[in-house]
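*Asks:* First, the structure itself, so that you have it in front of you.
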Amino acid sequence: MKPLGPIPSGFAAIDGELAIAGHKATALVAQAGGTPLFVYSREMLTRRVAELRAAMPDRLALHYAVKANPFAPVLEHMAGLVDGFDIASGGELAIVQAAGIDPARVSFAGPGKRDTELEAAIAAGATLNLESEGEAARALDIANRLGITPKLAIRVNPEFDLKGSGMKMGGGAKPFGIDEARVPALARRLIAEGADWRGFHIFAGSQALSADAIIETQGQTLALAARLAEESGAALPKCNLGGGIGIPYFPGDVPVDIGKVGAALAERFADLPDVLKDTAFVMELGRYLVGEAGVYLAQIVDRKESHGEVYLVTDGGLHHQLAASGNFGTVVRRNYPSAIATRYDAAVEEEANIVGCLCTPLDRLADKGGFPRADVGDLVAIFCAGAYGASASPAMFLGQGPAREILV
Ligand SMILES: *Cc1c(COP(=O)(O)O)cnc(C)c1O
């Protein structure tokens with residue numbers, strides 16, 4: 001048997017079934033009208049943000065990275081919890097505006113912003129995190145034409161990266177941000193051209209589980225921000241420190257000690273260089289805020305055996321949960337946390353493979369896991385499905401279409 005990832009805390013069994021926010025899995029499926037289904041828990045989102053705020057210094061604002069989960073009811077709920085939103089496309093700008101979020105709370109990063117996207121963001125009053133000198137020039141031209149003072153920040157490509165992170169976003173040549181050495185000249189130019197100067201965005205990586213690595217990166221980030229602000233010759237209104245706090249997905253992963261991260265940041269905030277004394281600091285997080293609050297439910301449509309192995313074939317698959325199949329940024333496939341939702345408190349009885357309904361060997365949701373004996377009609381749960389599930393999977397592959405989603 002291969003181990004399964006750790007099921008996040010906060011889930012219980014009711015009448016032998018997985019319960020999410022106090023609702024049984026079968027009841028949720030009935031309410032939503034069928035499977036496959038993503039269920040997101042309002043109460044888990046609220047609790048996660050509250051715990052993070054309690055751990056972090058008051059001075060640190062929290063932003064939600066929309067790309068992790070842009071489902072409108074989730075965004076609307078997050079709008080009451082976080083201070084701002086980070087978007088990465090004009091499509092996400094439209095999504096946050098449709099959710100009633102004030103674009104003044106939004107910043108827009110991401111390489112390859114088209115003129116139409118820059119224009120929409122400037123017109124709406126969102127902050128642009130500029131990814132190149134070329135993009136800066138286009139943004140200034142567009143703002144000039146519109147007669148609007150643009151809110152401009154610079155995304156810095158730091159020389160360091162976040163150690164142990166699942167996805168490195170800094171260190172060496174990157175399509176993201178502007179190399180450190182060229183940042184002060186561009187900052188001076190933006191200020192001279194009359195832009196509303198919004199400071200730096202420094203994002204060094206994501207999905208790190210080591211508090212020490214995150215603390216080290218935050219120290220490097222603050223030192224870099226101070227140096228670049230000095231060299232720019234202007235006070236720094238705002239500094240987005242990036243995020244990087246990961247969640248446990250795989251066997252042996254343990255949660256980040258956020259108390260330790262917050263305490264180290266509070267110490268640094270108490271001892272800032274003069275150039276950062278009045279700076280507003282922000283951390284931007286996606287998966288840490290929403291990942292564990294989501295569960296993907298699929299129904300078993302066939303149970304079969306091949307060469308002595310059991311296959312539980314579901315109506316879901318990698319078209320909704322690409323990451324769980326091991327095909328979204330992982331090198332070695334390992335099992336996400338998963339369970340038979342309709343036999344949640346039953347003992348392990350057999351080794352089984354949970355697969356999706358797509359005609360490709362990539363479509364595996366759990367490999368040789370230990371489960372109670374499950375049959376056609378049972379529901380399977382894949383946990384840690386709140387981030388990069390529905391939004392980061394090829395829903396149209398094989399003509400399948402998207403899963404249902406509900407927030408409860
Ligand atoms: C994707 C992204 C995030 C969110 O990353 P998570 O690992 O989900 O926290 C934050 N900032 C930027 C710039 C990103 O591209």
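*Asks:* Run through every distinct alpha carbon pair of the chain and return the Kirkwood hydrodynamic radius in angstroms, one decimal place. Write out the running numbers ahead of the final one.
*Replies:* Numbers: mean 1/r = 0.0449 Å⁻¹.
Evaluated over the chain, this radius sits at 22.3 Å.
*Asks:* Can you list the GluC sites (Glu not before Pro) in region 264-357 that are in a DSSP coil and have 14 or fewer other beta carbons within 10 angstrom?
*Replies:* GLU349
*Asks:* Shifting gears a bit: Return the loop-located trypsin sites (Lys or Arg not before Pro) in region 87-119 (DSSP other than H, G, I, E, B) with at most 16 other Cβ atoms within 10 Å of their own Cβ; answer none if there are none.
*Replies:* ARG114
*Asks:* While we're looking at this one, here's another question. Among ALA121, PRO8, SER107, flag the residue with its Cα farthest along the positive direction of the charge dipole of the chain, charges on Cβ as +1 for Lys/Arg and -1 for Asp/Glu.
*Replies:* Of the options given, the answer is ALA121.
*Asks:* Also: Name the residue, out of ASN157, ASN144, ASN69, whose mean-square fluctuation peaks in a Gaussian network model built on the chain with Cα pairs under 10 Å.
*Replies:* ASN144
*Asks:* In a shell of Cβ-Cβ distance under 14 Å around ALA385, excluding ALA385 itself, what net charge do Lys and Arg (+1) and Asp and Glu (-1) give?
*Replies:* Numbers: positive: ARG287, ARG404; negative: GLU292, GLU405.
Within the 14 Å Cβ shell, the charges total 0.
*Asks:* Taking the chain as a Gaussian network, Cα atoms linked when under 10 Å apart, which of ILE191, ILE214, ILE382 shows the biggest mean-square fluctuation?
*Replies:* Answer for the Gaussian network model of the chain: ILE191.
*Asks:* Given the DSSP H assignment, sum -39500 (n - 2.57) over each helix run of at least 4 residues in the chain and divide by its residue total; what's the result at 222 nm in deg cm²/dmol, nearest 500?
*Replies:* -8500 deg cm²/dmol
*Asks:* Here's something else I'd like to know. Choose one answer from THR26, THR279, THR360: the residue with the largest mean-square fluctuation in a GNM of the chain with alpha-carbon springs under 10 Å.
*Replies:* Its mean-square fluctuation being the largest, the pick is THR360.
*Asks:* Related question: Could you check what % of the DSSP bridge pairs in the chain are antiparallel, to the nearest 5?
*Replies:* Looking only at bridges with both residues in the chain, the antiparallel portion is about 45 percent.
*Asks:* At 7 Å along the Cα-to-beta-carbon direction for both ALA280 and GLU159, put a label point, then send me their distance in nm to one decimal.
*Replies:* Inter-label distance under the simple model: 3.1 nm.
*Asks:* Write down the Kirkwood hydrodynamic radius of region 280-359, to one decimal in angstroms, obtained as one divided by the mean of 1/r over all alpha carbon pairs. Mind showing how you got there, number by number?
*Replies:* Values: mean 1/r = 0.0670 Å⁻¹.
About 14.9 Å, per the Kirkwood formula over Cα pairs.
*Asks:* In the calculated pair distance distribution of region 4-130, what percentage of Cα-Cα distances lie above 25 Å?
*Replies:* Percentage above 25 Å: 39.
*Asks:* In region 1-103, which trypsin sites (Lys or Arg not before Pro) are in a loop and have at most 15 other Cβ atoms within 10 Å, using DSSP for the loop call?
*Replies:* Answer by residue number: ARG59.
*Asks:* Still on this structure, I have one more. Which whole-number value in Å² is the accessible area per residue of the chain, probe 1.4 Å? Write down the numbers at each step before the final one.
*Replies:* Working: 15860 Å² over 408 residues.
So the chain comes to 39 Å² accessible per residue, rounded to a whole number.
*Asks:* Please report, as a whole percent, how much of the solvent-accessible surface of the chain comes from carbon and sulfur atoms (probe radius 1.4 Å). Don't jump to the answer; show the numbers that get you there.
*Replies:* On the way: 8350 of 15860 Å².
Looking at the chain in its full context, I get 53 percent from C and S.
*Asks:* Same structure again: Pick out the long, greasy-scoring helices in the chain: whole DSSP H runs spanning 18 Å or more along their own axis by Cα, mean Kyte-Doolittle at least 0.0. Mind dumping the intermediate values first?
*Replies:* Working: long enough: 42-55 (20 Å, -0.47); 133-146 (20 Å, -0.29); 211-232 (31 Å, 0.14).
Taking the DSSP H segments of the chain (at least 18 Å long, mean hydropathy at least 0.0), we get 211-232.
The values are calculated or read from the model by the stated rules, or taken from the named source; none is laboratory data. Only a predicted model underlies this, so the values are computations on that prediction, with no experimental measurement involved. When we count neighbours, we look across all protein chains shown, and the Cβ atoms used for this are built from the backbone with ideal geometry, even at glycine. For the accessible areas, the whole protein counts, side chains as well, though only heavy atoms, and no ligand, DNA or RNA atoms are used. Shrake-Rupley method; radii C 1.70, N 1.55, O 1.52, S 1.80 Å.
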